[in-house]
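Inspection log for the structure reproduced underneath, given as structure tokens.
The values are calculated or read from the model by the stated rules, or taken from the named source; none is laboratory data. Note that the coordinates shown come from a computational prediction; the quantities given were computed from them, not determined experimentally. Here the Cβ positions follow ideal geometry from the backbone for every residue, glycine too, while neighbour counts run over all protein chains shown.
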Amino acid sequence: MRSLATATRCPLCDKPVNLLADYFATSGDFLAPDHPLYPYAGAKMHWDCYEPWPCRPELARPFVEAWIKANRANPYWAEAYRDNQVYVSANPMPPIAEVSLRFYETGNDVRVPLDDWPLWIADKDRRADLREMDRECLSRSLDRIRAALPDIVTIRSLTGRTRVPIRSAAVPTMPTTPRQPRWQV
């Protein structure tokens, strides 16, 4: 029996993808079956293969656009900012409390804890763990993102959180006044 860790092959290099390691993958039906990149939609790829791949932006853009469309119906995440290079959404409610950046050139989902957001956008060292392709995209968008989303209060106000009513964990109680029998009404 093959190990789950090597059951998938990268379509770019045809070598096994370790599913227990970090890799890039898309999901959903965001390309038409006759699209030349359709075989790559949903495939798992090594980062070292995906980052320099010349077709990466052509695959990433429709993936991000599909993500935007799906997010409109998501009661937990809402759009905070969007331009022609990046889509930023947020779920400011615990336990998630994160900001998500998706660049049209990469398709990658960069997550930032909401409490870290002001320092993350202000301090380059806090973004040191980003992949090079995401750093490049961010450098082109950062001034606009900073202007649109300077702080946590702005993100919360733009996302109007939450669209899902917060329910009490308390068990509902019975009415305090007894019901009258139907024949007495």
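Summary of values
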item: Of residues in segment 4-16 being surrounded by fewer than 12 Cβ atoms within 10 Å (Cβ to Cβ) and not basic (Lys, Arg), the one modelled with the lowest pLDDT; result: Leu4
item: From the options Leu19, Leu114, residue that is closer than 20 Å to Pro150 by Cβ, in contact with a strand residue (DSSP E or B) (Cβ under 9 Å, 6 or more places away or on another chain), hydrophobic (A, V, I, L, M, F, W, C) and surrounded by 12 or more Cβ atoms within 10 Å (Cβ to Cβ); result: Leu114
item: Residue satisfying condition, being acidic (Asp, Glu), at pLDDT below 95 and surrounded by fewer than 16 Cβ atoms within 10 Å (Cβ to Cβ), within set Asp83, Asp48, Asp29; result: Asp29
item: Subset tally (residues that are in contact (Cβ under 8 Å) with a residue 40 or more places away in the chain, among the basic types (Lys, Arg) and either assigned to a helix (DSSP H, G or I) or touching a Gly at 6+ places or on another chain (Cβ under 6 Å) (or both)) for segment 96-154; result: 2
item: Among the residues listed as Ile68, Ile96, the single one being of a type in the set (Val, Ile, Thr) and over 21 Å from Asp129 (Cα atoms); result: Ile68
item: Subset tally (residues that are over 13 Å from Thr159 (Cα atoms), outside any loop (DSSP other than H, G, I, E, B) and not small (Gly, Ala, Ser)) for segment 48-86; result: 16
item: Residue pairs meeting the criteria (Cβ under 6 Å; at least 6 apart or on separate chains; first farther than 30 Å from Ile68 by Cα, in segment 1-28; second modelled with pLDDT of 90 or more and surrounded by 11 or more Cβ atoms within 10 Å (Cβ to Cβ)); result: Leu4/Leu19; Ala5/Asn18; Ala5/Leu19; Thr6/Pro16; Pro16/Arg9
item: Condition check for Asn91: polar (S, T, N, Q), within 15 Å of Ser157 (Cα to Cα), in contact (Cβ under 8 Å) with a residue 60 or more places away in the chain and crowded, with 20+ Cβ neighbours inside 10 Å; result: yes
item: Residue in segment 65-80 that is closer than 23 Å to Lys15 by Cβ and surrounded by 15 or more Cβ atoms within 10 Å (Cβ to Cβ) present; result: no
